[in-house]
1. Classify segment 10-113 as rounded, prolate or oblate, taking a ≥ b ≥ c as the square roots of the eigenvalues of its Cα gyration tensor: rounded when a/c is under 1.5, otherwise prolate if a/b is larger than b/c and oblate if not.
2. Can you pick out the pairs among Lys96/Lys117; Lys8/Lys116; Lys8/Lys87; Lys66/Lys112 whose Cα atoms lie more than 25 Å from each other?
3. With every protein chain kept in place and ligands, DNA and RNA left out, what is the accessible area per residue of segment 1-90? Probe 1.4 Å, answer in Å².
4. Past the 12 angstrom mark, what percentage of all C-alpha to C-alpha distances in segment 40-90 do you count?
5. With all protein chains present, how much of the accessible area of segment 1-126 (probe radius 1.4 Å) comes from carbon and sulfur, to the nearest whole percent?
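The values are calculated or read from the model by the stated rules, or taken from the named source; none is laboratory data. Predicted model, so just to flag it, every value in this text is computed and none were measured. Heads up: the accessible areas ignore ligands, DNA and RNA and are worked out on the full protein's heavy atoms, side chains in. Shrake-Rupley method; radii C 1.70, N 1.55, O 1.52, S 1.80 Å.
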Amino acid sequence: MVAEERTKTHLIIANLREIDRLQLFRDLHYPSLFEYVVHELGYSEGAAHRRIVATRMTVELPALDKKIEKGEITLSNINLVKQFINKEEIRQPEEKMALLNLVQGKSGNEAKEELKKAKVLRQSSGKDVLLEKEEKEVKLHCLIDKK
């Protein structure tokens, strides 16, 4: 049943991506995707927000779609990363994906701790930091060194 739930979540995200892309919620007289998801689909505001954030992040980072499909990352952790990205003003898609990889498979509290470490590293280095997850080990590299 859990695998089925993951599949259905992935399908919902894929459908929301298409509804958002085509602005189909407007055909039903909703001013936004959020209003559509809450009022037409019946999700709570929090659940709607998590799904919409994940939906829009899959547009920017297509590899995220497979992670959702496989159940490798939760919608809650995607939202934690999105909040971090916004607060830290992260622009590089590679760094965004690396942050998602960092919290993959983690509980909410573990994800928060990883993001705290990433924030400290970003602040102490004064540079954009690319976090890569390799074989259960997190390696930190400066993007500036990659250029």
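1. Here segment 10-113 falls in the prolate category.
2. Flagged as over cut-off: Lys8/Lys116; Lys8/Lys87.
3. 58
4. Looking at segment 40-90, the distances longer than 12 Å represent 65 percent of pairs.
5. Answer for segment 1-126 is 51 percent, counting heavy atoms of protein chains only.
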